[in-house]
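The values are calculated or read from the model by the stated rules, or taken from the named source; none is laboratory data. No experiment lies behind these values; they were computed from the predicted model shown. Note that each Cβ is placed from the backbone with ideal geometry, even for glycine, and that neighbours are counted across all protein chains shown.
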């Protein structure tokens, strides 16, 4: 093979590689006129009853390459807006006896490592900060990429869409949140958290 | 002593009745329970994009549906009833959980059974003492 031909092949290969590795930045959170498309829930499964707190005030960003299957990101949840369905319970939860929302208004998760497992499933390590305490956690997340189309535009998304879902457990004690004795049996010491967001490139 | 014995006997019977009522209520409500999943429904465009009826809120659990205004036509992937979470909140509904029924029913049953047994034994003890007591001198 002639040297010029080799150079040409190498150049095409290089350009192809650059074109394939395309990390996109996806935004999480409301963006002027678009509908709410992010939900964070925290579920307590105690002896007496189960209850769920939920909020749609979730923001952040996700860097995702749908071809190389690499990702990183940061999610911020507004703790004070979590609604359990009962105003008095919301008040207790926001108080300094529990989440102390005035002092710690947000909970954040920032990835430190994301590895593709299979399909849309990824193994995720990251730093979770709740109630002013930061701990490293391991979990799994599902990232489904949806290229911009008539369907995404009809659903009022701008650009490409990445749906991120993630479930993990939080032991309240690990984050300095102690359950008062009177709430024993009504609040579980370990809470089930679920994040379900539609991020978009905009 | 006779009055106390009668009171204990009545307490035992009433407590036993409460236990039967608690157990009966628990069994009745348990039979009415259905597995339900609360969801935040998607609009048509969102549902078409995701292929889903809505975003799950919490995990499925067994509840008693007293007001079916929030029940959706569609069913979950495992046949569970789907409840419109936004409608539940807007109408102030807080569905009765079978877990709560069992918890309270269990406590009431155990306490009333203990009271019934305790009161009955105390009543029997008093009766025996009255029977064994020496006759009053004339």
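Some notes on this structure:
- Condition check for residue A:172 on (1) touching a residue at least 40 places away in the same chain (Cβ under 8 Å); (2) surrounded by 16 or more Cβ atoms within 10 Å (Cβ to Cβ); (3) more than 17 Å from residue A:63 (Cα to Cα): one failure, at (1).
- Within region A:90-123, being more than 23 Å from residue A:38 (Cα to Cα) and within 14 Å of chain B (Cβ to nearest Cβ) holds for no residue.
- If you go through region A:164-202 and keep only what is out of contact with any helix residue (DSSP H, G or I) (no Cβ under 7 Å at 6 or more places or on another chain), closer than 22 Å to residue A:48 by Cα and assigned to a loop (DSSP other than H, G, I, E, B), you end up with A:177, A:178, A:180, A:185, A:186, A:188.
- So residue A:134, is it touching a strand residue (DSSP E or B) at 6+ places or on another chain (Cβ under 6 Å), assigned to a strand (DSSP E or B) and without any contact (Cβ under 8 Å) to a residue 12 or more places away in the chain: yes
- Looking across region A:142-153, the residues that are in a helix (DSSP H, G or I) and loosely packed, with under 14 Cβ neighbours inside 10 Å come down to A:150, A:153.
- 3 or more residues within 14 Å of chain A (Cβ to nearest Cβ) and under 21 Å from the mean Cα position of the chain (by Cα): qualifying strands (runs of 3 or more DSSP E) within region B:38-111: B:54-64
- Per-region count, region A:36-64, residues in contact with a strand residue (DSSP E or B) (Cβ under 7 Å, 6 or more places away or on another chain) and more than 27 Å from residue A:183 (Cβ to Cβ): 8
So that you can scan it fast, the table gives a plain yes or no per residue for (1) surrounded by fewer than 13 Cβ atoms within 10 Å (Cβ to Cβ); (2) at pLDDT below 95:
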residue	(1), (2)
A:112	yes, no
A:118	yes, no
A:127	no, no
A:137	no, no
A:140	no, no
A:156	no, yes
